[in-house]
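Derivation of every value follows stated rules applied to the coordinates shown; laboratory data play no part. All figures in this text were calculated on a predicted structure; none of them were measured in a lab. Glycine gets a Cβ as well: all are built from the backbone with ideal geometry, and neighbour counts include every protein chain shown.
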Amino acid sequence: MAVAAAVLGRLHFLGHAPGPDESGFLLVGGQWDGRGSSLYGSYWVDRPPLLITIFRLASRSGGLTSLRLIGCLAVLLIVLGCAQLARTIGGASASRWAAVGAAALCLSPRLGGYEVNGELLAAPFTLAGMLAAASAVRAADRRLALRWSALAGALAVCSLLIKQNLADVLVFGAVAYAVSWLRRDVTRHRLVDLVCAAIGGACAMLLGMAVWTAAHGTSLPGVFDAMYPFRFRADQVISAGGGPHVTSRLHGLLAAAVLCGLVGMILVLVADVVRRRATAPVVWALIATTAFAAVSVLMGGNYWHHYLVELVAPLSVAVGVVASTHAAARVAIAYACVAGVIFWGVALNAPQGGGPQTVGRAVGAVAAPTDTIVNAWGSPDVVAASGLSSPYEHLWSLPVKTLDPRLDELDRVLTSPDAPTWLVTRPTVRSWGLDTARTQAIIVHDYQHVQTVCGRWVYLHAGLVRDRPSPPSTCTGAPSAVARLREIAP
């Protein structure tokens, strides 16, 4: 029942317009085929290759609809995975409560909405890895234990190769193995065997993905730099110039965590840890993983709501185990269910799209097949909706502010023979962390403002003739299903 509710609740949103990350990753994945001048084909993005591989698969098998169906499959696996892991730890009652909690959190649009993101795609691998690690420390047969541990190591790498901060399996396995040894549930020799098996599984998976990545023309050192050194530099950029809008997003993230029931579930778990000392190694591992996930969310820097999805798996399992014996945990899960249904109902009445997609479609409707486009700054959904390619490798604003803050690279693109046909900006190109003076002068000299669409200024390269993009009647996208029903109702 919980699985059906979670999956069917997302099916309604299959037709909703893609979010910026969905658009951007589909664009990157769709052209990642071994050619190009940047990290992934013609574009650069600070994400691991397994994530781009999944979006590549979706792009080549139906695009957004395929991606959203993959998201539905991920939700199904999350709910089933939470149920199975909770059953392993706390029995049938814990399994049911964990499944209900996971379904409620996956249903809530406040935790990233209907969009498919790295946290959602990594969660099934995380749960499978945690289950494999738990099975490894409990297996009596040595060979079986080593197989489970090797699988846990491989799945830990999968999670990290989807979103580089998702080390949940690593934390879970390390704590489970360490506590099992301290309690003398496993011998030192068995502990060494389990660790070596996990490392072997991780290395095998890492090698396979390295071969796949290199075969598609992507530099392995470049991937590592994008996953970790870049993120440290980006965090410094955000700290130096993010200012009030980052603080505002943090407040929004915390509010979403409270409203969706995540904070209530965390408080229940903390109270249970204080009230009674956990004994089982996998329980300690689950508590440590939940704590790690909370820290990981808060260290994300940009504080997007979908960061909270990292908490869904460990927290649902942990609170599900507590709910099997304590009423307070059941109340917390019940609140999450009510909140999820309410927010889902509100989302039903939300427009299916927004300004960036509208701008991109307006440009694409009058563009020639060989035209190109650059959007400043961020909003890769503008580029994706236009159907045009971008000669500038950065589709998101944070890489621009971290890697091209003086806009030297962009200025070279704008003044090169391959300068974009179309340029889309906000009313001004100024933005925190960027030196835009030269870029503004280039735009004034080489581009002509031809239209304003949904608050974005659309420029055409000087000397070219195209029809002017038509301003839409609305910038909110297609009406919601509820609104359409109201229009046709007698």
List the cysteines of the chain that have no other Cys Cβ closer than 4.7 Å: which are they? 72, 82, 106, 158, 196, 203, 260, 337
Could you give the size of the charge dipole of the chain about its Cα centre, using +1 on the Cβ of each K and R and -1 on the Cβ of each D and E, expressed in debye and rounded to the nearest 20? 1440 debye
Divide the volume of the convex hull of the Cα atoms of region 83-237 by its number of residues and quote the answer in cubic angstrom per residue. 144 Å³
Once all Cα-Cα distances of region 287-370 are split into 5 Å bins that start at 0, what whole-number percent is in each one? 3, 11, 12, 14, 15, 13, 9, 7, 6, 5, 3, 2, 1, 0
On alpha carbon coordinates alone, what is the Rg over Rh value for region 355-461, Rh being the Kirkwood radius? 0.92
Among 317, 280, 150, whose Cα projects farthest towards the positive end of the dipole of region 2-348, with charges put on the beta-carbon of Lys, Arg (+1) and Asp, Glu (-1)? 280
P(r) of the chain over all Cα-Cα pairs, binned every 10 Å from zero, in whole percent: 4, 18, 27, 25, 15, 7, 2, 0
Which ³J(HN,Hα) values, rounded to whole Hz and listed in residue order, are derived for region 73-85 from phi using the Karplus coefficients 6.51, -1.76 and 1.60 in 6.51 cos²θ - 1.76 cosθ + 1.60 with θ = phi - 60°, glycine and proline given as x? 4, 4, 4, 4, 5, 5, 5, 5, x, 4, 4, 5, 5
Taking only DSSP H segments of four or more residues, each worth -39500 (n - 2.57), what value at 222 nm results for the chain once the sum is divided by all its residues, to the nearest 500 deg cm²/dmol? -21000 deg cm²/dmol
Per DSSP, loop trypsin sites (Lys or Arg not before Pro) in region 358-428 with at most 13 further Cβ within 10 Å: 406
What share of all Cα pairs of region 1-107, in percent, falls into each consecutive 5 Å distance bin? 2, 13, 19, 16, 14, 13, 10, 8, 4, 2, 0
q = 0.13, 0.20, 0.23, 0.27 Å⁻¹, region 321-396: log10 I(q)/I(0) [Debye, one scatterer per Cα]: -0.59, -0.83, -0.96, -1.12
